[in-house]
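Below: one structure, written as structure tokens.
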Amino acid sequence: MSAFKDIQTIQYEGPKSKNPLAFKHYNPDEVVEGKTMRELMRFAGAYWHVMRNELADPFGQGTADMPWDDGKNTLQTAVDRVPVFFEFLEKLSLDYYCFHDRDVSPEGATLSESNKNLDRVADELEKFQNQTGKKLLWGTACLFIDPRYSQGGATTPDANVYAYAAAQVKKAMEVTHRLGGLGYTFWGGREGYSTLMNTDMKRELDHLARFFHMAVDYKKEIGFEGPFYIEPKPREPSTHQYDSDSAACLNFLREYDLTEHFKLNIETNHATLAGHTMQHELTVAMNADALGSIDANRGDELIGWDTDQFPTDIYQTTEIMLCVLKMGGFQTGGLNFDAKRRRESHDPIDLFYAHIGGMDAFARGLKIAAAIREDGRLAEALQNRYSTFDSGIGAKVEEGNTSFKELEEYALNNPEPKVASGRQEMLENLINEFI
Ligand code: XUL
Ligand code: CO
């Protein structure tokens with residue numbers, strides 16, 4: 001039985017197509033910089049948004065029409081959702097998916113019942129992965145919905161909750177490993193605080209590091225070879241989250257000797273909530289060789305929260321794909337649509353429009369980024385801006401072969417420096433030549 005029987009597999013029809021159910025730019029087998037688009041993008045569907053997001057907001061109930069779902073929180077309903085999700089992935093040529101343990105299977109009356117539920121649904125996920133060739137980009141544990149985690153999981157003040165969180169992550173790692181997951185994500189929405197009056201920050205961070213070290217030990221024990229990802233976000237639902245941005249995460253990982261096992265999963269709307277551009281967050285991660293994966297979405301300039309909208313901004317997707325190409329493509333990561341439709345877009349077909357738009361926005365970003373790189377003027381301008389460091393006194397600085405004394409002597413004996421223009425507007429015009 002088909003859940004989307006009126007919708008055919010979405011085809012690439014090219015930029016001139018007027019068909020809203022066709023790709024205008026995402027052409028999976030088209031080669032860009034020596035790789036197919038499919039290899040470069042590694043698009044993933046997010047189980048929580050596609051299958052479980054009823055489109056509620058703090059002021060109103062869900063609006064999403066999901067005729068395939070009886071709305072019950074039973075194991076049978078969870079099992080029945082799996083083929084619907086894989087039909088969706090197939091019809092959109094999404095090669096990967098991501099899930100939280102509790103999106104795919106219901107919490108039971110006890111932890112061991114929850115684990116059994118997860119095993120049962122994992123059987124089904126495995127079956128459909130084998131049938132369709134779809135792959136798990138990453139798995140994760142939901143440590144933020146249940147009231148037990150209201151004060152944190154790995155940073156809770158209660159050791160009993162901490163143990164429960166560890167048990168839940170252990171199980172989610174096992175299932176991710178069993179399903180051939182390429183990575184495992186930690187997003188710490190409750191790992192932070194509401195007020196410092198009741199929070200021992202140092203103790204909580206030590207506990208978080210302990211938690212991660214134990215996860216690393218366990219990953220080695222079960223032979224899980226994929227990276228762990230930390231997904232930075234500054235706030236929401238906590239007032240302050242410890243993994244607030246790329247720099248904070250990297251500093252934490254270095255402080256606690258965890259860098260070897262972790263990369264970052266950077267989300268566009270989290271970057272902007274942190275007061276950074278996505279390009280900034282990606283660049284900080286890349287500089288540390290820690291850009292693992294991307295949660296693809298966008299925020300809204302007029303709304304101050306995590307709106308998780310589908311990416312449509314070509315400037316933004318171009319900047320992101322410039323970073324991805326610079327890094328030589330993803331290793332284990334990809335572009336996961338951690339994005340939801342607006343509450344007003346409640347029809348099943350809106351799920352398709354939303355993903356088609358996101359995939360096309362990224363495909364355009366990719367083609368534009370590749371053209372900018374091929375043209376070479378942007379890279380040349382960047383290179384030239386630092387050319388005084390290529391020889392003479394500048395080269396000595398970069399080689400570590402000079403001192404304050406020598407630099408003083410140089411400054412005293414040379415004319416007043418005349419710094420060259422940054423040419424921002426000219427470079428903005430250059431980018432616009434390609435957009
Ligand atoms: C929440 C968010 C999460 C993570 C996975 O803002 O982005 O869905 O991606 O837990
Ligand atoms: Co996310």
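The values are calculated or read from the model by the stated rules, or taken from the named source; none is laboratory data. These figures come from a predicted structure and were not determined experimentally. Here Cβ is always computed from backbone atoms with ideal geometry, including for glycine, and neighbour counts include all displayed protein chains. Areas reflect the complete protein model, heavy atoms only, side chains present, ligands, DNA and RNA absent. Shrake-Rupley method; radii C 1.70, N 1.55, O 1.52, S 1.80 Å.
Brief remarks follow.
- For region 270-375, carbon and sulfur atoms together expose 48% of the accessible surface, with a 1.4 angstrom probe and every protein chain in place.
- In plain terms, the C-alpha convex hull of region 378-434 casts an average shadow of 4.9 nm² when viewed from every direction.
- Counting only residues at least eight positions apart within a chain, or on another chain, the lysines with an alpha carbon under 22 Å from that of residue 396 are 405, 418.
- Accessible-area composition of region 76-230, carbon plus sulfur, in percent [1.4 Å probe]: 52
- Amide H contacts of residue 266: 292, 293, 294, 295, each under 5 Å away and 5 or more positions distant or on a separate chain (H built 1.01 Å from N in the peptide plane; Pro and chain starts excluded).
- Here the simple spin-label model places points 7 Å from the Cα toward Cβ, and for residue 63 and residue 113 these points are separated by 3.6 nm.
- For region 94-104, Karplus couplings with θ = phi - 60° (6.51, -1.76, 1.60), whole Hz, Gly/Pro x: 8, 7, 10, 8, 9, 8, 9, 3, 7, 6, 7
- Gyration tensor (alpha-carbon) shape descriptor, the chain, a/c threshold 1.5: oblate
- Cβ-derived FRET efficiency at R0 35 Å, residue 222 paired with residue 389, nearest 0.05: 0.15
- The residues neighbouring residue 61, those whose beta-carbon lies less than 12 Å from its own, together hold a net charge of -1 under the Lys/Arg +1, Asp/Glu -1 convention.
- Estimated inter-spin distance, residue 13 and residue 254, nm [label 7 Å along Cα→Cβ]: 5.2
- GNM result for the chain, Cα springs below 10 Å: residue of 205, 291, 92 fluctuating most strongly: 205
- Highest mean first, the peptides 389-396, 159-166 sorted by other C-beta atoms within 10 Å per residue fall in the order 159-166, 389-396.
- Relative to the longest principal axis of the Cα atoms of the chain, the long axis of helix 246-255 lies at roughly 90 degrees.
- Counting only DSSP H runs of at least 4 residues, each contributing -39500 (n - 2.57), and dividing by the residue count of the chain, the helix-based mean residue ellipticity at 222 nm comes to -14500 deg cm²/dmol.
- In percent, rounded to a whole number, the relative contact order of the chain is 15, using alpha-carbon pairs under 8 Å and six or more apart.
- Against the chain, whose longest principal axis comes from its Cα atoms, helix 278-287 is set at around 70 degrees.
- Of all accessible heavy-atom area on region 378-434, the percent that carbon and sulfur account for (1.4 Å): 53
- Shape category assigned to region 96-146 from the gyration tensor of Cα positions, a/c cut at 1.5: oblate
- DSSP assigns beta bridges within the chain; of those with both partners inside it, close to 20 percent run antiparallel.
- Degrees between helix 424-434 axis and first principal axis of the chain (Cα, 0 to 90, nearest 10): 50
- Neighbourhood charge, 14 Å Cβ-Cβ cut-off, centred on residue 265 and excluding it, Lys, Arg +1 and Asp, Glu -1: -4
- Residue with peak Gaussian network fluctuation, the chain [Cα springs, cutoff 10 Å], from 115, 384, 414: 414
- Largest to smallest accessible area among 75, 282 [probe 1.4 Å]: 75, 282
- Under 20 Å from residue 72, Cα to Cα: lysines that are on another chain or at least 8 residues apart: 116
- Straight-line cross-link reach from residue 233 at under 28 Å between alpha-carbon atoms covers these lysines, not counting any fewer than eight positions away in the same chain: 135, 170, 171, 202, 219, 220, 263, 326, 340.
- The chain: most fluctuating residue of 283, 140, 388 per GNM, C-alpha cutoff 10 Å: 388
- Per residue, the chain exposes 49 Å² of accessible surface when a 1.4 Å probe is rolled over the protein heavy atoms with every protein chain present.
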